[in-house]
Amino acid sequence: MNQLQILPALDHQQSNPGTIQMRHPALIFIALLFSILSTPALSQVINRGKPARTGIVIPLQEDINPLSGELLKQKFQQAIDAGADVIVLDINSPGGFTYVTFELMDMVLDAKQVETVAFIEKDAISGAALLSLACDRIIMLPTARIGDAGEIVMGEDGRFRYTEAKSRSVLAQKVRDTAEARGRPIALAEKMVDKDLVVFAATNKKTGEKKYISNKEWDSFDDQEAWEKGVPVREAGKEMFFTVNGKRAVELGFADEVIGNRDELAAALNVREPMQEIKRTWSDTFVFLLNTGFATFVLIAIGLIALVIELSAPGIGVGGLTSLLCFSLFFWSRFLGGTSGWLEVLLFTMGLIFIAMEFFVIPGFGFAGIGGILLVLVSLVMASSRGFFPETNEEFNGLGTDVLTVMSAFACFLVSLFFLARYIGEIPGLSRLTLKPGVAAPAGAGNSLLSGNQAEQLPAWQLVNVGDVGITASPLRPSGKIQIRDMMVDVVTEGDFIDTDCEVCVVNTQGAKVTVRKLS
């Protein structure tokens, strides 16, 4: 039957040679069209015909630390709010804090509404490699590097060493879960953080399926007979962390694509050009500077010194404004850096209230003053640290650095306070921080060589002699006011604090500086 059905068709074709000649051009056209459709060139043309997506680039060009991590979170959310279809993390980083890296990985993994792309032009090492692993796609230049994510800590001897097994197991599990979620070779990903593994390619003898397996996985493999064990991957041998360049990463299935330069990135992602880039603003740079150890030291030291000057001579305003500016900058930078909240501000404010009560309400120096100082110091340390109770070596080292910075600033404040108490009148400009009103002296008082009109034009400190006795009109801490006869004079003590209504004696006059001592 089949032959009977075919033969007439052959006869029909032979009897109609013109029909065959008419059909051949159509078949050739269809074949050509099919071959063209399968070419990459046409796929690019088709992609151009599709609506181009919106891509936003966020650079990560520094260490991963609490501040840079917080800024990256803000810019990532800013890109989402701007309606981005693709968020490109332009990564060139040596990594950094593990717990910050975990937070950034979770942020990227949870971003289901956008496509995340790690673009590596130079290096994505350590934590930066883990962050790249969490992205939907990894695009690299041929010579770019990714890997070497082993966790190290500084030991008591100051040397860096491999972390303990407990910490490594948490890191390895995080990496395995992330690689599985993104469909990347799990064994190679784990090899980035565990130098003790050896990874090799294994091929299924029946299906020809190829996968990368570590020596630990192989030992627990149930059907080893079904797989042919290959040689270890050269970048995943003994005593090394997995690190590869862009070309090799694509060969191993660890990265998705290699491009020649960053100008090809938009075409590879099918996004509109030029892509918007959320760059670091001047305020970001300012916040980075304010969060450095040196800036923290300066802000705290100057803020405390200015605060004491204001409390010693209330109402002037210069010391208070300076202190307010310093601590406002301090807490503002910590708020933006993600290390401070309203609790730290509340503790700091309570500390200032206790100190003010010690100065103006409660006589002497007792629990209010000590408690206020402790609250201020604790709030400053908490505002500088990610966690006041460290759980990891990184947090512990960070807390130690923050405590050292704050206590160094406080020690500088105490030394400065000592010198200010003794030499405030001799420092140009600082003597103006206290009021020096001119008061008329009675006839025969003070310098007897001055006429009445001349005495009325002189400031009070020029009418005071060594040995004059007066009564404190305000607490001397260590500066304040005393009354001599009917004159109000700005004075300082020799370093001790003296309460109100105490009898004092002038022991030295040096220019505008009048030094007094309490009479027993």
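The values are calculated or read from the model by the stated rules, or taken from the named source; none is laboratory data. Computed from a prediction, not measured in an experiment: that's the story for all the values here. Glycine also receives a Cβ, built like all others from the backbone with ideal geometry; neighbour counts cover every protein chain displayed.
At a glance:
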| item | result |
| --- | --- |
| Failed criterion for residue 178 (all others in (1) touching a helix residue (DSSP H, G or I) at 6+ places or on another chain (Cβ under 6 Å); (2) in the same structural domain as residue 69 (by TED's automatic domain parsing); (3) modelled with pLDDT of 95 or more hold) | (2) |
| Residue pairs meeting the criteria (Cβ under 9 Å; at least 6 apart or on separate chains; first among the basic types (Lys, Arg), in the range 280-308; second surrounded by fewer than 16 Cβ atoms within 10 Å (Cβ to Cβ)) | 280/61 |
| Residue that is modelled with pLDDT under 90 and in a helix (DSSP H, G or I), where the choices are 319, 303 | 319 |
| Pair list, Cβ under 7 Å, 6 or more apart: the range 105-116 residue assigned to a helix (DSSP H, G or I), other residue surrounded by fewer than 20 Cβ atoms within 10 Å (Cβ to Cβ) | 107/73; 109/181 |
| Answer residue from the range 354-371, given it is over 18 Å from residue 498 (Cβ atoms) and either loosely packed, with under 14 Cβ neighbours inside 10 Å or more than 37 Å from the chain's Cα centre (by Cα) (or both) and is modelled with the lowest pLDDT among those | 367 |
| Considering residues of the range 47-101 that are charged (D, E, K, R) and under 21 Å from the mean Cα position of the chain (by Cα) only, the residue nearest to residue 270 (Cα to Cα) | 90 |
| Test for residue 202: is it hydrophobic (A, V, I, L, M, F, W, C), over 22 Å from residue 138 (Cβ atoms) and crowded, with 16+ Cβ neighbours inside 10 Å | yes |
| Selection from the range 278-294 of residues that are surrounded by 14 or more Cβ atoms within 10 Å (Cβ to Cβ) and either under 16 Å from residue 89 (Cα atoms) or in contact with a Phe, Trp or Tyr (Cβ under 9 Å, 6 or more places away or on another chain) (or both) | 278, 280, 287, 290 |
| Matching residues, the range 123-148, being in a loop (DSSP other than H, G, I, E, B) and more than 18 Å from the chain's Cα centre (by Cα) | 135, 136, 141, 142, 143, 144, 148 |
